[in-house]
Each structure stands twice: as structure tokens, then as C-alpha cells.
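As C-alpha cells, the structure follows; a few thoughts come after it.
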Amino acid sequence: MAAAAAALSLLLTACGGDDDGDPSSDDKIQGAGKTDESPSPSASEEEAPGRPEIKLPEDLTVTFSPEETGDPEKDAVLRDNAERMKAVQSAIAGLDPEYEALNYYNADDALGASAEWVEQFKDENLTVTGVVRYVDRQVTLADDGTASLIFCADESKGYTKNLETGKVNVTPVTKDSYVVYNTELQRNDKGVWRTTSVISERGADQCQP
């Protein structure tokens, strides 16, 4: 799709909520590898056993703030959200060809939509480069055991890059360089907070610098 070369928005704006892509019946992306079934001993451990290793390209920097709130449960949500966002980018860069991490940190609508956006980047032979910042991350824990997380993305220094030529598609900074995300998460039996849905708005007033 031609729009993929024009903006980072293919990765960051729509890997979630309004897409019609459906995950397969076993809640896995078709053709993806299986994750380790051993449970993590603690949701507070950043490197719990069974969690897939996520690699990012050397020319891509991703930051998250705040990283912690002081509340262990909310901090677990923030950590798994960060891993989810990195998993999408790792899959786009081809560093997670089996979509192991994508399956691990996504479920329901978010899983199907994330897979579709990754495939669109692959179709255009594009990856992501530069710096992307996720800021103002605010967690709300619900009585039913789910969580919501609202945050902003600063894409003003993030770009797409052609994998074949190495050419970086530098785009000007505009209001649309900033995105607000409203996400829903649910903790599975391993203690992992998986993103289940994402609604985003590019150019949101609340995320402008």
C-alpha cells in the first residue's frame, strides 16, 4: 500500500482497534510459532521465564514514560504494554519471523489487527527507523480484573525505511505526528497483561507538545 511509504502511521496508528482482521480460532496468528507454556512466577518480574526475547533494529530507539508508578499491578501493565509495542515493531523489522512475541502480548481484536499491519509493511518491504516515544501512560485497573491504558505516541522523529534500498522516508513534523491510544488489556493465566483492543486518534490535541 502506497500510504505505508508516506508515514509511520501504518505501524503506530492502527495496530489495534478498528481493523476487521480476525485472529484464528486458537487465538494465534496463522503460521506463528508457539510460545513457552511454562508460567512466569511473578507478574512483577520483567524477564520472567517463558517470555519471548524481543529484538529491535539498531537504528530504532523506543522509549516509554513513565516506566513505573510505584503500584506493582499498574507497573506490570506498563511493562507488558511496552513489550507489546516493541513486539509489533520487531515483527515489522523481520526480527520475529514466527510472530512469537506478537502472539504473546496480543489477543482478540488487537492480535488480528497487529498481524495485518505487519503484513502490510512486509508487502511494501518497509521497516521502521528513528526514535519513537510513548509518553503520559496512565493505567486504570477495573473491578473485573481488566485494565485500560491511555497514552500518547510522539512519532516526530520516527520514519519508515525501505529494506531493499535503505532509503529513509523522512516526513515533516505536523500535528499528525502525535497519536493518542486508548487500549484495553486482560491478564492471562501466566500473569501476562495482553492487549485485547486499541482505539487511536492521530493529531489528538491532548498529545501535542
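Details
- Put simply, of ILE54, ILE29 the only residue that is in a loop (DSSP other than H, G, I, E, B), aliphatic (A, V, I, L, M) and at pLDDT 95 or above is ILE54.
- Within region 115-140, considering residues that are closer than 26 Å to GLU73 by Cβ and hydroxyl-bearing (Ser, Thr, Tyr), the one surrounded by the most Cβ atoms within 10 Å (Cβ to Cβ): TYR134
- Among the residues of region 80-100, just one is farther than 19 Å from GLY158 by Cβ and in contact with a strand residue (DSSP E or B) (Cβ under 8 Å, 6 or more places away or on another chain), namely ASP80.
- Residues of region 162-209 that are outside any loop (DSSP other than H, G, I, E, B), farther than 17 Å from ASN103 by Cα and open to solvent by 70 Å² or more (accessible area, probe 1.4 Å): LYS175, ASP176, ILE199, GLU201, ASP205, GLN206.
- Of all the criteria given as (1) at positive phi; (2) modelled with pLDDT of 95 or more, the one not satisfied by SER148 is (1).
- Residue count for region 75-131, restricted to those that are closer than 11 Å to ILE54 by Cα and touching a Cys at 6+ places or on another chain (Cβ under 6 Å): 1.
- Answer from ARG79, ARG137, ARG133 - the residue that is among the charged types (D, E, K, R), part of a helix (DSSP H, G or I) and either within 18 Å of THR61 (Cα to Cα) or in contact (Cβ under 8 Å) with a residue 40 or more places away in the chain (or both): ARG79
- Pair list, Cβ < 6 Å and 6+ apart or interchain, from region 93-109 residues that are more than 29 Å from VAL168 (Cα to Cα) and in contact (Cβ under 8 Å) with a residue 40 or more places away in the chain to residues that are among the β-branched types (Val, Ile, Thr) and open to solvent by 20 Å² or more (accessible area, probe 1.4 Å): ALA107/THR196; ASP108/THR196
- Of all residues in region 61-97, those being charged (D, E, K, R) and touching a Phe, Trp or Tyr at 6+ places or on another chain (Cβ under 6 Å) number 3.
- Residue match in region 183-196 (condition: in contact with a strand residue (DSSP E or B) (Cβ under 8 Å, 6 or more places away or on another chain) and small (Gly, Ala, Ser)): no
- Inter-residue pairs, beta-carbon under 6 Å, first under 19 Å from PRO52 (Cβ atoms) and in region 183-209, second hydroxyl-bearing (Ser, Thr, Tyr) and open to solvent by 40 Å² or more (accessible area, probe 1.4 Å), 6+ apart: none
- Residue among ARG79, ARG84 that is closer than 29 Å to LYS167 by Cβ, surrounded by 15 or more Cβ atoms within 10 Å (Cβ to Cβ) and at pLDDT 95 or above: ARG84
- Assessment of region 141-150 against the conditions (out of contact with any strand residue (DSSP E or B) (no Cβ under 8 Å at 6 or more places or on another chain) and either surrounded by 15 or more Cβ atoms within 10 Å (Cβ to Cβ) or free of Cβ contacts under 8 Å to residues at least 60 places away in the same chain (or both)) yields at least one matching residue.
The values are calculated or read from the model by the stated rules, or taken from the named source; none is laboratory data. None of these values were measured; they are calculated from a predicted model. Glycine gets a Cβ as well: all are built from the backbone with ideal geometry, and neighbour counts include every protein chain shown. Accessible surface is based on the protein model in full, side chains and every heavy atom, while ligands, DNA and RNA are left aside. Shrake-Rupley method; radii C 1.70, N 1.55, O 1.52, S 1.80 Å.
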